[in-house]
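First the structure, in the form of structure tokens, and then the observations on it.
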Amino acid sequence: MPQQPTSLPSQSEPSVIEETARLARAQRLTDVITRLRRALRSSIRTDYPWESLPMAQVELLQTLAAAPLRVGELAERQRLAPNTVSGLIGKLLDAGFVDRQADPGDRRTARIALTEAGHQQLNDWRQAHERRLADALESLSPADREAVMLALPGLEQLARSLAAGPGGETRP
């Protein structure tokens, strides 16, 4: 009986070994990012007990630092449900970090803007994180510190790639 030709993977298809290595790199990066975020969040709250703003609220403040936005625009940019953003905004309103402003383009809607207290809270949050990270970087060996700094351009490009949609278009 004649032997059937076997199909070989094309040059564009990764082998099982390559795919396993690719996923292992992604898993390691995911683990490190998760541990880094958790360690930073935990150490900030230990070293700066006054800093208790939840990350979801901080991210909204960061987004609003550029310009006031409607709730729907915030939800889209944060990739959250509008009702989730409304709840977070309610807490920020209660804390005095944001306020509602009339939308000049549509009087039926409001835009959410940072208040002076919101700008100060965001600035304090940034400074606390920068101090904590600067201290942690100084605790590294010069070679490790340099390796971290040299990795930043690639990590910035990775963040841009993740923010891009499937067609490579940047999401809001």
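Things worth noting here:
- For ALA151, the stated conditions do not hold, so it cannot be described as open to solvent by 40 Å² or more (accessible area, probe 1.4 Å) and within 23 Å of ARG45 (Cβ to Cβ).
- So ARG77, is it open to solvent by 60 Å² or more (accessible area, probe 1.4 Å), in a helix (DSSP H, G or I) and within 21 Å of LEU40 (Cα to Cα): no
- Hits in region 15-69 (condition: within 28 Å of GLY87 (Cα to Cα), open to solvent by less than 50 Å² (accessible area, probe 1.4 Å), of a type in the set (Gly, Ala, Ser) and outside any helix (DSSP H, G or I)): ALA65, ALA67
- Residue list for region 54-84, restricted to those being over 15 Å from GLY118 (Cα atoms) and of a type in the set (A, V, I, L, M): VAL71, LEU74, ALA75, LEU80, ALA81
Here is a yes/no grid of residues against (1) under 21 Å from GLN62 (Cα atoms); (2) of a type outside the set (Ser, Thr, Tyr); (3) not in a helix (DSSP H, G or I):
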| residue | (1), (2), (3) |
| --- | --- |
| HIS129 | yes, yes, no |
| ALA136 | no, yes, no |
| LEU140 | no, yes, yes |
| ALA143 | no, yes, no |
| MET149 | no, yes, no |
| LEU152 | yes, yes, no |
| SER161 | yes, no, no |
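- ARG100 open to solvent by 60 Å² or more (accessible area, probe 1.4 Å), out of contact with any Asp or Glu (no Cβ under 6 Å at 6 or more places or on another chain), in a helix (DSSP H, G or I) and within 22 Å of LEU53 (Cα to Cα): no
- Within region 104-142, considering residues that are open to solvent by less than 70 Å² (accessible area, probe 1.4 Å) and more than 23 Å from the chain's Cα centre (by Cα), the one farthest from ILE44 (Cα to Cα): ASP106
The values are calculated or read from the model by the stated rules, or taken from the named source; none is laboratory data. Quantities reported herein were computed from a predicted structural model and do not represent experimental measurements. Here the Cβ is made from the backbone with ideal geometry for all residues, glycine too, and neighbour counts use every protein chain on show. Areas reflect the complete protein model, heavy atoms only, side chains present, ligands, DNA and RNA absent. Shrake-Rupley method; radii C 1.70, N 1.55, O 1.52, S 1.80 Å.
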